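The next block holds one structure in the form of structure tokens; read it before the comments.
The values are calculated or read from the model by the stated rules, or taken from the named source; none is laboratory data. Just so it is clear, the structure is predicted and the values come from calculations on it, not from any experiment. Positions of Cβ are backbone-derived with ideal geometry, glycine not excepted, and every protein chain shown enters the neighbour counts. These area figures cover heavy atoms from the full protein model, side chains too; ligands, DNA and RNA do not enter into them. Shrake-Rupley method; radii C 1.70, N 1.55, O 1.52, S 1.80 Å.
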Amino acid sequence: MAWTHKHLLDIESLTADDIVTVLDTAKAFKAVGERKIKKVPALRGKTVVNLFVEPSTRTRISFELAAHRLTADVINFTAEASSLKKGETLRDTARNLEALNVDIIVMRHSASGAPHFLSRFLNASVINAGDGAHEHPTQALLDLFTIQERKGKIAGLNVTILGDILYSRVARSNIWALTKLGANVTLCGPSTLVPRVFEKMGCKVTYDVDEAIASADIINLLRIQHERQRHTMFPSLNEYTGFFGLTKARFARTKPEALIMHPGPINRGVEIDSEIADSSRSVIIEQVTNGLAVRMAVLFLVSGGQGPQGIAT
């Protein structure tokens, strides 16, 4: 299996083999990260721009460190300190960056489709680091990597995604990735945030949280995306927690080997009890660690790497 894509814009357009190639490459890079000398020269001479027009902590730092580990030159770009604040268009900003001979642009934007827009006229590779409520492909890939590492497989697992599905780019990318690799996906949350239209993506939708978590091998919790909602989609946070939060009582009714995931940032006491987030069955911190390996893999692949066999050790 070889990677043939110039960009990583979404999970929807990838094949199962593409996803496996990323996961296998990430496994090789995770091994590199466990060595005494953690850098490899795979992107020496390349320039990576982190073009983040929307706030980020984990994703931006992860991409920055991943590029440094690959020996690339890194430029961090924030909208607040750029000419975007003066009225410059996104296209003009990107074209000016490309005029400096950058090779890869990692982009986060509040508008769905923004990375796809840039990819149509830029020579540089574009990586989607989250676009509006559309997709967040590297988050889904690191989630799959974490599941596979812990469970040894993806196919046949029961994965419940619980929370704000409607406004979540993480949910959409995870749905595409999990179903392509043969997992059974159940979505649960308030009916205002989990419309049945998602069943067209191959999921099961339920509004009974006890049913959703009873047979789950993986429970992936999502926070409420307040910044993307036009109005309140439920009466109060307390009511949300009462009906859909992963409380200690609900946690006690899950399978003893079920893993707890969360893309962050966590709203402790809302979608998840604090003790559960820090429990031995939580892989939330492992997700962050694995995100570095996955993003190293993605940067390597879009820059011309063919797969794990191309990593110089």
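Accessible area per residue for the chain, computed on protein heavy atoms with a 1.4 Å probe, is 42 Å².
Of all DSSP-defined beta bridges confined to the stretch 122-244, some 10% are antiparallel rather than parallel.
For the set Lys27/Lys153; Lys6/Lys86; Lys46/Lys180, the pairs lying more than 25 angstrom apart at their alpha carbons are Lys6/Lys86; Lys46/Lys180. Dividing the convex hull volume of the alpha carbon atoms of the chain by its residue count gives 131 Å³ per residue.
Restricting the stretch 6-91 to GluC sites (Glu not before Pro) that sit in a DSSP loop and have at most 14 other Cβ atoms within 10 Å of their own Cβ leaves Glu34, Glu88.
Solvent-accessible area of the chain (1.4 angstrom probe, protein heavy atoms only): carbon and sulfur portion equals 52 percent.
Mean-square fluctuations from a GNM of the chain, with a 10 angstrom spring cutoff on Cα atoms, peak among Gly189, Gly245, Gly269 at Gly269. Taking all protein chains as they are arranged and a probe of 1.4 Å, the heavy atoms of Thr89 leave approximately 70 Å² accessible to solvent.
Taking Thr186, Thr57, Thr78 in turn, the Gaussian network model of the chain (Cα-Cα springs below 10 Å) assigns the largest fluctuation to Thr57. Let me know the shape class of the stretch 93-215, please: from the alpha-carbon gyration tensor, a ≥ b ≥ c as square roots of the eigenvalues, rounded when a/c is under 1.5, otherwise prolate if a/b is greater than b/c, or oblate. In terms of gyration-tensor shape, prolate. Considering Cα pairs under 8 angstrom that are at least six residues apart, work out the relative contact order of the chain and quote it in whole percent. Once divided by the residue count of the chain, the mean separation gives 23 percent.
Which residue, Lys200, Lys38, Lys248, has the most motion in a Gaussian network model of the chain that connects Cα atoms within less than 10 Å? Of Lys200, Lys38, Lys248, the Gaussian network model singles out Lys200 as fluctuating most. According to the square roots a ≥ b ≥ c of the eigenvalues of the Cα gyration tensor, what is the shape class of the stretch 8-60, taking rounded for a/c under 1.5, prolate for a/b larger than b/c otherwise, and oblate for the remainder? In terms of gyration-tensor shape, oblate.
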